[in-house]
Every structure is written in structure tokens, then in C-alpha cells.
Amino acid sequence: MQTYIHSAPLQLESGESLRKLEIAYHTFGTLSPTHDNVVWVCHALTANSDVADWWPHTVETGCFLDPDRWFVVCANIIGSSYGSTGPLSLNPATGAPYYGDFPPLTIRDMVAAHRILADALGIDRIHALVGSSVGGFQAIEWVVSQPERFDRLILIATDAFASPWTIAIDETQRMAIEADPTFGQPTPDAGAKGLAAARAIGLLTYRGAAGYNLTQTDSPQQTQAGSLIPREQRRPCTYQQYQGLKLIRRYNAYSYHTILNAFDTHDVGRNRGGREKALAAIECPTIVIGITTDMIFPPADMRRLAAEIPAAHYCEIRSEFGHDGFLVEHRQLNSLLLDFI
């Protein structure tokens, strides 16, 4: 991981600013002498800038993020837990971590940080911009704000705005965090139990019924034993508990809450005359990829998004793993994107 420290404050849409801006990022491959081989990846919710870590079999030779061919860049979003300025960073005004005093962010603020880093790295033109899930929120916002900067756009399981359905999912997770009486305390682990519950709620929407029924069924030995299976031994229960604990070991409730709030601000048409007009500014070839069982960004919504972007075409991944299919179905993803990119 590398860190870029910006020499000036970042002005936020809220009117507040980040007086000290740090952006954590990873790069893979080698930047060509003409700087024409950049592929920029925008990550989702709790991911980090290490694409090879969270997106298996993509940053590999022969895959669509082939580091032998492309200079792959991913920046950790501001507000996160992974090195960029966020709620656990020191507030220059107080000398203590921000915690609950971290200023509100928007998707446009996150993109402003991406633009700052790209300029600092001397990257004027980006061959392909890739965004999946809420990484797609960032990608759409960025390409609309700077259409001349990009040659190709890849959007996977995402949308041009936060729908009432996605906002409701976020609000339910926020309710879980806020129900934890420790949330709001000036400690890194404040709201940890609420965060674990929020993660478990989120996973239901990431995987859906098909994914859970395929992978979390109790073993035949348990079900055929003839006695009731205790809750603490049931596979769906232990899986939810494990995933909640797994997240709180690597993330904090303040960042999660901040980023959920930012995601709900997403509407590429805001102050641009509406989404149709904003999306019409996207001139580069675009591929929009839906997932058959995605309940967060259903295929019908993805087809609508593709129809709204002038030079877009729609493809679909078949998967039993819902929204998380983009993390699992790497063979299908590579087959769709190798030629396009």
C-alpha cells in the first residue's frame, strides 16, 4: 500500500473540509511511457485498495486486470478503515480521532479524492474505469464529471442513483449500529456489536435465498440425527455470527455508518438537470453487467441503466450467489471483459 498526502484541504459538498487529506492506494503492473494503459478500479463498501486481495482471479496474467499489460490503480475511499482519511484519523483541530465528529461525505467527495490522486500520479487519461456495486456509484459519478478522461467504462451490479430499496437496506443497517448503546463513544470499537448485526443484515441482501440455501444447509448427519439441532450449531446461525465477528475485527462502526450515509447521497443527475441528461454525457464505450439473482441491483434495473447510457451494451452473469456473484464468478467476468477492455 502507498499513501498520497495532499498539500491542501479537501472541500466537501457539505461545506466542511478535510484539513488533512491522505489517500491510500495500490498499483499493479507498470505504467507505460505514454501513460495509456491505466485501468482504475473503484471499490465497494468495506473493501480496500488491494484489488488482488478482495477480487480473486482478476489481477492475474490472462485476466481482465492483467498486470503484465495494464497499470491497475485502486484508491481506498475517504471515510474508510484502510488508510485514507476517515473517522479514526486524527482531527487536526483537536489532535484526537474524529470518531463521530467526522464530517458527512458524498459520493462526489469520494470522486474528488480520486481525481486528486490521479492528477498527482500524472494520469491524465484512463483507458478503462471499473466499478462494481457502490464502486460503480463512484465510477458513474467520475465519468459524468470528466467524460473526456476515459476510453472505456465497466459497470457491474450498480446504478446511477441510490434507489429507495438500497437506501432502505442502508437504513436498516444504520438502525442496527445505532441500537448499540456504545455507538457514539470516543473509542475505536464503539458500536462493534451493532456493526456485527449490520453486517449480518447486509449479507442477506448480498447473497439472497439461493446463495444461502446452496451453501448454509445443515449437514445430513445433523438433520438425520433425530433430535433438534441447537441454535448455536445450526450452520446459518454460525455463519451469520462468524461474518459479523469477522467484520468487526477489520472495520469500525464509524466508517461503516459514514459510508452508508455517503452512498445514500448518490444521484448522478443531482444538480445536472436529471439522470437522463447526466448519463447522456457518457461518450465512451460502456459495458453494463447484471447478475441473475442480484436482489440489490436486479437485472431489470441494470438493463434500464444500460439503455440510459448512449454507448452501452448489457451482459449478464448467471449465478446463485446474488449480488456477491461479481466476487465469485470470475470465469464469467473475465470472459465478458477480456475482449471489451
- Query: in a loop (DSSP other than H, G, I, E, B), crowded, with 18+ Cβ neighbours inside 10 Å and more than 17 Å from the chain's Cα centre (by Cα) - does that describe any residue in the stretch 261-283?
  - Reply: yes
- Task: With the condition kept exactly as written, say whether any residue in the stretch 110-122 is more than 26 Å from Glu329 (Cα to Cα), in contact with a Ser or Thr (Cβ under 8 Å, 6 or more places away or on another chain), β-branched (Val, Ile, Thr) and open to solvent by less than 20 Å² (accessible area, probe 1.4 Å).
- Result: yes
- Message: I need a count of the residues in the stretch 202-223 that are surrounded by 15 or more Cβ atoms within 10 Å (Cβ to Cβ) and either among the small types (Gly, Ala, Ser) or modelled with pLDDT of 95 or more (or both).
- Response: 4
- Query: All but one of (1) open to solvent by less than 20 Å² (accessible area, probe 1.4 Å); (2) more than 21 Å from Leu247 (Cα to Cα); (3) in contact with a strand residue (DSSP E or B) (Cβ under 6 Å, 6 or more places away or on another chain) hold for Val51; which doesn't?
  - Reply: (2)
- Message: Exactly one of these conditions fails for Asp36: (1) at pLDDT 95 or above; (2) of a type outside the set (Val, Ile, Thr); (3) farther than 20 Å from Leu105 by Cα. Give me its number.
- Response: (1)
- Working only within the stretch 273-319, note down all residues that are among the small types (Gly, Ala, Ser), out of contact with any strand residue (DSSP E or B) (no Cβ under 6 Å at 6 or more places or on another chain) and touching a residue at least 60 places away in the same chain (Cβ under 8 Å). Ala278, Ala281
- Item | Failed criterion for Ser319 (all others in (1) polar (S, T, N, Q); (2) open to solvent by 40 Å² or more (accessible area, probe 1.4 Å); (3) under 21 Å from the mean Cα position of the chain (by Cα) hold) | (2)
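Suppose we filter Leu12, Leu31 for residues that are open to solvent by 20 Å² or more (accessible area, probe 1.4 Å) and among the aliphatic types (A, V, I, L, M); which single one remains? It would help to see each step written out before you state the result.
Details: Leu12 fails: open to solvent by 20 Å² or more (accessible area, probe 1.4 Å).
Checking each option against the conditions leaves just Leu31.
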- Task: Please give the number of the condition Pro104 fails out of (1) open to solvent by less than 10 Å² (accessible area, probe 1.4 Å); (2) in contact with a Ser or Thr (Cβ under 6 Å, 6 or more places away or on another chain); (3) not hydrophobic (A, V, I, L, M, F, W, C).
- Result: (1)
- Message: I'm checking my understanding of the structure. Among residues of the stretch 285-308 that are of a type in the set (A, V, I, L, M, F, W, C) and farther than 14 Å from Ile156 by Cβ, which one is surrounded by the most Cβ atoms within 10 Å (Cβ to Cβ)?
- Response: Met295
- Name the single residue, out of those in the stretch 5-46 being farther than 30 Å from Asp170 by Cβ and part of a strand (DSSP E or B), that is farthest from the chain's Cα centre (by Cα). Ile5
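The values are calculated or read from the model by the stated rules, or taken from the named source; none is laboratory data. This is a predicted model, so every value here is computed, not measured. Don't worry about glycine lacking a Cβ; one is built from the backbone with ideal geometry, like all the others, and counts go over all protein chains shown. The accessibility values were calculated without ligands, DNA or RNA, using every heavy atom of the protein model including side chains. Shrake-Rupley method; radii C 1.70, N 1.55, O 1.52, S 1.80 Å.
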